[in-house]
Amino acid sequence: MELISALLVQVSQMLLVLLAALLLTGFVRKVKARLQRRRGPPIVQPYRDILRLLKKEVVVAENASWIFRVAPYLIFAATWVAAALVPTFAKGLLFSWSADLIAIIALLASARFFLALAGMDIGTGFGGIGSSREMMIASLAEPAMLLVVFTMALVAHSTQLSAVADLLASSGVGLRVSLGLAMVGLIIVAIAENSRIPVDNPATHLELTMVHEAMVLEYSGRHLAMIELAAAVKLLLYISLIGCIFVPWTLAAPGAAPATYLAGFAGYLAKLAVFGFLLGVFETAIAKMRVFRLPDFVGGALMLGLLGTLLLFVSRSL
Amino acid sequence: MSVVAFLMLCAAAMLGVALLAVATARMHATTGFIYGATLVLCVAATVFSIAALTGHAGAPTSLVLPLGLPWIGAHFAIDTLAAFFLAVVNIGGAAASLYALGYGAHEEEPHRVLPFFPAFLAGMNLVVLADDAFSYLLSWEFMSLASWALVIAHHRDPENRRAGYVYLIMASLGTLALLLALGLLTGADGNYDFEAIRHGARTSLTSAMVLVLVLIGAGSKAGLVPLHAWLPLAHPTAPSHVSALMSGVMTKVAIYAFIRIVFDLAGPLPWWSGALLLAVGSLSAVLGVLQALMQDDTKRLLAYSTIENIGIIFIGLGLALAFRADGMNAAAALAMTAALLHVLNHSFFKSLLFFGTGAVLTATGERNMDRLGGLIHRMPATSFLFLVGCMAISALPPLNGFVSEWLTFQAVLQSPDLPQWALKVMVPAAGGLLALAAALAGAAFVKTFGITFLSRPRSLEAAKAKEVDRFSLSAMGALALLCLIAGIIPGFIMDAMAPITRQLAGAALPLQARQPWLTIVPAAESGSSYNGLLVFLFIAASSLLAVWAIHRFASHAIRRGPAWDCGFPDPSPLTQYSGSSFVQPIRRVFLARTPLTSEEVTMSAPGDMRAARFTLTIADPVWDWLYQPFADVVESTALQLNRLQFLTIRRYLSLVFLSLVLLLLVLAIWS
């Protein structure tokens, strides 16, 4: 019975991240549109886009290799598996022990690896510039993320996300300098990894500053749908991650009453709404940075992560 | 027959094959026979060393041969540490032999490679088997010389001759340092036997000197920064299967030498020895991968990436040493296991990548990735296997590189309890640098694979490339399979290392095979765990599910057309991103205004019709800063000493007399 309910939670979470991801993307777009005094497309527009893309035929460049055709599915799968391991509305997911936070970062790195390769496959200038810049940003964001993980792991004595959430939900932790630093670092990494303003602009297609959109320029049809879905899931993953670590109180414990699960679910949607709204406000309020200003921004996250880890090495109670 | 005797027979047989190759040097068509023989011998030796590793060594585990120094003999022995490294050496040797069955046929002067290849393998086996200082050093020097001969196999190229010269100098320096270290360990009584050294008493000053000397001796062979200058010259110069052996295996023999002397023979060491290793290791990891990123010659890129991986291994070893010095044996066992697992993993994927580069070299005659491209269409099997290697070395799950990096990170997370303040500051910094190195390695191998195998061909040779032979492909396939297996079931390999960590770190990890679902856990009380098998299955299942769902319910129409590229596709393949343009952002972020790179732009004056020029120089300044002054001193001393060759006979006689008196004086003062 316990196994069945755990399996049920795991499966419903996997479906939830798929469905909620597009909703979140639509919501953030709506918030930004309203803040710019536009009416904006309806919140469900991303679903329509994906369905429309799925129905269309795929146009593939003549010299595209199998990497180009396989990459969208691998990118989607790696991102989806990573998102399925981050607690959204309930802790103690059935398979949470199979991969910890470091593995989740590495899964996202695999997705990025294939996306960068797919960008280079056709041999166009745009694909190359996107891949090249993506790897530059990743070379700063990934170590920053790992150092943020170190900070949390040192507090929780485990790199397991459920254990971290458990500990931070308990009252024994309190306010800590290192966790504050980690939170700022994690938010910067989340912005950089999801190609949001000021690092990249998710709304443009023809701008020389673009990174993510340049890599996927050659994609169309169902391939593009997979990549867009993966990008939406990745944004949801980072918001779930921030929510589950820094606002862990709404997570339902394993084996709780259905009402608790419902409350956890409502809490999760509320978290998505709040963080999505804040993201929209932040993106509207700030301007896009020049590419070579980015190292200062993302490098800041690296320094914050390092500082957080260092503080915990100095004293476990900081 | 005991395992050690059998392995000695294998090594002797390899030497025999080498002699046979010398004897048949003038005959044609011996290539297949020689490599076939080394393949059989390496496979046999692998089987026996794995048997010894899993506790079926059988008695006796040591052997004394009436060779070497009189009254002492040559001691050889096998313990679990040696068995593990013998397995690494012989798996690498077997893969290289299999690969060379195909690749070696393209060799223009086979008699310059064939005799030295089995000799090199025998030398590496003997270093690991040796159990006394004399045979150890002798085998070490034999290994160095055999590999030197392989480096200058294509000696008509002046660059290769220079690489050989630099390698020879560095190898001599390394052996000298090891000789002094072992001399300090044996002491004045001349206890050459390792068993006697292990029980010898020595002051902490002696131990510290031994540590520094071994770090120079073994570290220079392994390629630690700043002793690495020879490695990116020599490793790429040799034929590709030998490059694979040098990078994938010989550096591991150097790690073995380090572990054997520092962890086993030298006795307890102070905590700062761990800090020293951490500093050198993290410096090597980051500088190695940054230099690797800048290279456009794939073999040189791989050589620099070896320096990075050696750095990662040394971070693990440094943590192990620091933990052991502070009595945290369980954490020391974790760090040691991480380092040893990375030794094994790196030998798999680095050999695989060198084989792939060799295949590209055979097919196109090019090592420079800026003249390649689009090979995925012409060489589908090679490119797939090379991709597996790239993923493994970039530490992507579910392959093996990730497991050892994950374990190293877990070891870093064990270290806030270390009492020394210096370590408390250094370990997080080393962890951060390790994370940085891992991310940069990903960029380096996206570049390698993307520029070489993807995009459009940049030269005629690349456009006309053909897939390589079956032997080369099967060698690469075997290694790619090993990368996957070691990635999804690492628990069994970690269990096999338990006796080693018990011997050298005083503890072992919890038994991994007992964990449910083949999960690996780094420490008994830690809540962290990772399961490569499940991650692999999850990714496979969800991507297949996505493919199935889309092709079942959505469109599966496909149309081929010209590239879109925002409506302005450029027909010339030269406008594509090249290796150096791919890394330009990273170069600008990490290496701007450092001595490692310099950019020079020459703009002609207005009205002048000459083209503007952009020159990019990538340098490894360690040569100018560290070696050139040293070389200058050696050269001027040699010139001074040269005068001694033009003396009269009377002066020679008086010199002989003086030195005799001097030696007698030393003896008198000593005793």
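Hey, among B:Val468, B:Val403, B:Val427, B:Val412, which residue is touching a helix residue (DSSP H, G or I) at 6+ places or on another chain (Cβ under 9 Å), β-branched (Val, Ile, Thr), in contact (Cβ under 8 Å) with a residue 60 or more places away in the chain and away from chain A (no Cβ under 13 Å)? Spell out the reasoning first.
Numbers: B:Val403 fails: away from chain A (no Cβ under 13 Å); B:Val427 fails: away from chain A (no Cβ under 13 Å); B:Val412 fails: away from chain A (no Cβ under 13 Å).
Selected residue: B:Val468, the only one of B:Val468, B:Val403, B:Val427, B:Val412 that is touching a helix residue (DSSP H, G or I) at 6+ places or on another chain (Cβ under 9 Å), β-branched (Val, Ile, Thr), in contact (Cβ under 8 Å) with a residue 60 or more places away in the chain and away from chain A (no Cβ under 13 Å).
On the stretch given as segment B:627-648, residues that are of a type in the set (S, T, N, Q) and either surrounded by 10 or more Cβ atoms within 10 Å (Cβ to Cβ) or touching a helix residue (DSSP H, G or I) at 6+ places or on another chain (Cβ under 9 Å) (or both) total 3.
List the helices (runs of 4 or more DSSP H) that sit entirely inside segment B:454-526 and contain at least 2 residues that are over 30 Å from B:Asp370 (Cβ atoms) and either touching an Asp or Glu at 6+ places or on another chain (Cβ under 8 Å) or at pLDDT 90 or above (or both). Walk me through how you get there before you give the answer.
On the way: elements: B:460-463, B:470-488, B:490-496, B:498-504.
Filter on segment B:454-526 gives B:470-488, B:490-496, B:498-504.
Scanning segment B:202-232 for residues that are surrounded by fewer than 23 Cβ atoms within 10 Å (Cβ to Cβ) and either charged (D, E, K, R) or touching a strand residue (DSSP E or B) at 6+ places or on another chain (Cβ under 8 Å) (or both) gives a single hit, B:Arg202. Flag: A:Gly280 does not match the condition of being at the interface with chain B (Cβ under 9 Å from one of its Cβ atoms), in a helix (DSSP H, G or I) and within 24 Å of A:Leu235 (Cβ to Cβ).
Here is a check on your reading of the model: is B:Val17 under 14 Å from B:Met124 (Cβ atoms), part of a helix (DSSP H, G or I) and of a type outside the set (Ser, Thr, Tyr)? The answer is no for B:Val17.
Considering segment A:244-266, the residues that are of a type outside the set (S, T, N, Q) and free of Cβ contacts under 8 Å to residues at least 60 places away in the same chain include one that is surrounded by the most Cβ atoms within 10 Å (Cβ to Cβ), namely A:Val247. I'd like the residue in segment A:81-137 that is more than 8 Å from chain B (Cβ to nearest Cβ) and among the charged types (D, E, K, R) and, out of all such residues, is nearest to the chain's Cα centre (by Cα). Per the criteria, the residue is A:Glu134.
With respect to (1) surrounded by 12 or more Cβ atoms within 10 Å (Cβ to Cβ); (2) free of Cβ contacts under 8 Å to residues at least 24 places away in the same chain; (3) touching a strand residue (DSSP E or B) at 6+ places or on another chain (Cβ under 7 Å), the lone exception for B:Ile618 is condition (2).
Checking B:Tyr256 against (1) at pLDDT below 95; (2) more than 18 Å from B:Val289 (Cα to Cα); (3) assigned to a helix (DSSP H, G or I), which test does it fail? The failed condition is (1). Which residues, taken from segment A:283-309, are in a helix (DSSP H, G or I) and either of a type in the set (D, E, K, R) or buried (at least 22 other Cβ atoms within 10 Å of the Cβ) (or both)? Within segment A:283-309, A:Glu283, A:Arg293, A:Leu294, A:Asp296, A:Val298, A:Ala301, A:Leu302, A:Leu304, A:Gly305, A:Leu306, A:Gly308, A:Thr309 meet the criteria. Which is free of Cβ contacts under 8 Å to residues at least 12 places away in the same chain, surrounded by 15 or more Cβ atoms within 10 Å (Cβ to Cβ) and not small (Gly, Ala, Ser), of B:Pro606, B:Pro562, B:Pro585, B:Pro571? The unique qualifying residue is B:Pro585.
Residues checked against (1) aromatic (Phe, Trp, Tyr); (2) touching a Leu at 6+ places or on another chain (Cβ under 6 Å); (3) more than 24 Å from A:Leu241 (Cα to Cα); (4) within 14 Å of chain B (Cβ to nearest Cβ):
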| position | (1), (2), (3), (4) |
| --- | --- |
| A:Val28 | no, yes, no, no |
| A:Arg34 | no, no, yes, no |
| A:Arg37 | no, no, yes, no |
| A:Pro41 | no, no, yes, no |
| A:Gln45 | no, no, yes, no |
| A:Leu53 | no, yes, yes, yes |
| A:Glu57 | no, no, yes, yes |
| A:Val60 | no, no, yes, yes |
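Scanning segment B:537-596 for residues that are modelled with pLDDT of 90 or more, part of a loop (DSSP other than H, G, I, E, B) and more than 7 Å from chain A (Cβ to nearest Cβ) yields B:Ser578, B:Val583.
Identify, from the list A:Leu167, A:Leu146, the residue that is within 11 Å of chain B (Cβ to nearest Cβ), surrounded by fewer than 19 Cβ atoms within 10 Å (Cβ to Cβ) and either modelled with pLDDT of 90 or more or not in a loop (DSSP other than H, G, I, E, B) (or both).
Details: A:Leu146 fails: surrounded by fewer than 19 Cβ atoms within 10 Å (Cβ to Cβ).
A:Leu167 is the lone residue from the list that is within 11 Å of chain B (Cβ to nearest Cβ), surrounded by fewer than 19 Cβ atoms within 10 Å (Cβ to Cβ) and either modelled with pLDDT of 90 or more or not in a loop (DSSP other than H, G, I, E, B) (or both).
Taking only pairs six or more apart or across chains, which ones have beta-carbon atoms under 8 Å, a first residue in segment B:374-391 that is over 15 Å from B:Ser455 (Cβ atoms), and a second residue that is among the charged types (D, E, K, R) and surrounded by fewer than 24 Cβ atoms within 10 Å (Cβ to Cβ)? Pairs found: B:Pro380/B:Glu467; B:Ala381/B:Glu467; B:Thr382/B:Glu467. Hey, does segment B:129-139 have a residue that's within 21 Å of B:Ala13 (Cβ to Cβ) and of a type in the set (D, E, K, R)? Yes, segment B:129-139 contains a residue that is within 21 Å of B:Ala13 (Cβ to Cβ) and of a type in the set (D, E, K, R).
The values are calculated or read from the model by the stated rules, or taken from the named source; none is laboratory data. Remember, it's a predicted structure, so these values are computed and weren't measured experimentally. When we count neighbours, we look across all protein chains shown, and the Cβ atoms used for this are built from the backbone with ideal geometry, even at glycine.
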